[in-house]
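Heads up, the thing below is written out as structure tokens.
The values are calculated or read from the model by the stated rules, or taken from the named source; none is laboratory data. In this text, all values refer to a predicted model and were calculated from it rather than measured experimentally. Don't worry about glycine lacking a Cβ; one is built from the backbone with ideal geometry, like all the others, and counts go over all protein chains shown. What goes into the accessible areas is simple: the full protein's heavy atoms, side chains included, and nothing from ligands, DNA or RNA. Shrake-Rupley method; radii C 1.70, N 1.55, O 1.52, S 1.80 Å.
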Amino acid sequence: MNTSSVIYFDNAATTYPKPESVLEATEQCLRYYCGNAGRGAHALAMKSAETVFEAREKLALMFGTTAENVVFTLNTTYALNMAIKGITSRGDHVIISNMEHNSVLRPVARLARDRKISYDVFEAYNTSQRLSTKDITSNIMKMLRPNTRAVICTHSSNVCSYSLPIGEIGAFCHRHGLLFVVDAAQSAGHLPINMELDCIDVLCMPAHKGLYSPQGVGIMLLRQGLTLDTLVEGGNGVNSLDLSMGVLHPERYEGGTLCTPAIAGLCAGLDFIENLGTDRIKKHESALWSRAYDRLCGIGNVKIYDDHMGSVLLFNIGEIPSDTVGKSLSNSGFCLRTGYHCAPLAHKALGTPNGGAVRIGLGLFNTFDEIDSLCDKIHEISRHSL
């Protein structure tokens, strides 16, 4: 496949292309020092360990925690499973939003199906009215029970550009003695997040989306003083004679070998974001979104499902199934994602039809010319459908 002719709009799934500095850092690790971090005192293992620690420090500084509370996982889904299953005990009740991805919904539903916990879904989004922060916290309040343990919610939706007021939700949680777990899969690198200021107890995110880093590593950040139950057990490089994972952070949660090349790329990705600034990234993506929104609003039978400005835009063309639109766009060299995007709750809240919708996922490296080319093709498909 000739990828040079591809126009990529699937950044909500994973960003592409990656910055040159990220590619170089990943390659340098693979070529010159890819030992097993924390698994030896020889030079290559120590160099890998330095890279891993550097990434922890950068993440801690960017998101408002400490390096020992930065846990590396396989991906965001794995981090959220660790968080949800690590904070809950039998008999607990948790509250999630109606905009959640399956990475929150499925582990919560599984625990409920096994009769370990119960859960309720609060309304964070409504197509008929814009909910205020007071509306949202009031909706959470209605769900509270004596055994409520935590509120777990996304920061930004993966199917539209709607974001929840996590700072206010976090403050509400702490006033009521609840833990607050945030899925930052779509917001890390796009929007400012500070665990201390936003009263977040556990923050989960990917490296490969808004941090412009390789696939293969997710991140779970913990509030200082919070200890979770473990999800997996195995070798973690410390206290090998102990049958438990121990109490040291982050080793308690990191059974098995870390993906050091991806973490090396993450170090470079974090520098890239820091040097550029999330404000600049947000401004560019918002400008692209506005261009796409204005162009698509001019096409009579295109339906857009939300008008919050950001990096994600969801639409359908008349009665054409989303996957048919997606195939037509793909045949013309456009990369988008169709269907339900692993977020049935969000699609239900947005009111999409059977088959879901087409998602435009914008990124820093997209251009206005690419937006125009995409909208021209959507217009062409629209005309043929009339």
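Per-structure values
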{"quantity": "Gap separating the Cα centres of the stretch 121-149 and the stretch 250-291, nearest whole Å", "calculated": "30"}
{"quantity": "Solvent-accessible area per residue, Å², over the chain with all protein chains present [probe radius 1.4 Å]", "calculated": "44"}
{"quantity": "Carbon + sulfur, % of accessible area of the stretch 211-291 - ligands and nucleic acids excluded, 1.4 Å", "calculated": "51"}
{"quantity": "Peptide ranges 137-144, 274-281 listed from the most packed, as the mean C-beta count within 10 angstrom indicates", "calculated": "137-144, 274-281"}
{"quantity": "Ranked by how many other beta carbons lie within 10 Å on average, peptides 7-15, 42-50 from highest", "calculated": "7-15, 42-50"}
{"quantity": "Per-peptide average of other Cβ atoms within 10 Å, ordering 320-330, 231-241, 52-62, 77-87 highest first", "calculated": "77-87, 52-62, 320-330, 231-241"}
{"quantity": "Total formal charge among the other residues, if their Cβ is under 14 angstrom from that of D135, Lys/Arg +1 and Asp/Glu -1", "calculated": "+1"}
{"quantity": "Set of lysines with alpha-carbon distance to K348 below 17 Å, sequence-local pairs under 8 removed", "calculated": "K303"}
{"quantity": "Proximal charge balance of S89 [Cβ under 12 Å; K/R count +1, D/E count -1]", "calculated": "+2"}
{"quantity": "Label-point separation in nm, E196 to H308, each point 7 Å along Cα→Cβ", "calculated": "2.7"}
{"quantity": "Fraction of antiparallel bridges per DSSP, the chain only, in percent to nearest 5", "calculated": "50"}
{"quantity": "Apportionment of accessible area to carbon and sulfur, the stretch 22-92, percent (1.4 Å)", "calculated": "56"}
{"quantity": "The stretch 294-354 - percent of accessible surface contributed by carbon and sulfur, probe 1.4 Å", "calculated": "49"}
{"quantity": "Gained length - T367 relative to T324, 0.36 nm times residue gap less alpha-carbon distance", "calculated": "13.0 nm"}
{"quantity": "Computed helical MRE - 222 nm, the chain, DSSP H runs ≥ 4 contributing -39500 (n - 2.57), nearest 500", "calculated": "-12000 deg cm²/dmol"}
{"quantity": "Nearby lysines by direct alpha-carbon distance to K85 (threshold 25 angstrom, same-chain neighbours under 8 apart not counted)", "calculated": "K116, K142, K209"}
{"quantity": "For the stretch 292-307, 3J(HN,Hα) per residue [Karplus equation, 6.51 cos²θ - 1.76 cosθ + 1.60, θ = phi - 60°, Hz, x = Gly/Pro]", "calculated": "5, 4, 5, 5, 6, 5, x, 9, x, 9, 8, 10, 9, 8, 7, 10"}
{"quantity": "Long-range HN-HN contacts of I7 with modeled amide H, under 5 Å", "calculated": "F334, C335"}
{"quantity": "Table column - 3J(HN,Hα) (Hz), the stretch 333-344, Karplus curve with 6.51, -1.76, 1.60, x for Gly and Pro", "calculated": "x, 9, 9, 9, 10, 10, x, 9, 6, 6, 9, x"}
{"quantity": "Cα lying deepest toward the dipole's positive end in the chain, options G351, G310, G237, charges on Cβ", "calculated": "G351"}
{"quantity": "In nm, spacing of pseudo-spin labels at R280 and M46 (7 Å Cα→C-beta vector)", "calculated": "3.7"}
{"quantity": "Inter-site label distance for D294 and L23 at 7 Å from Cα along Cβ, in nm", "calculated": "3.3"}
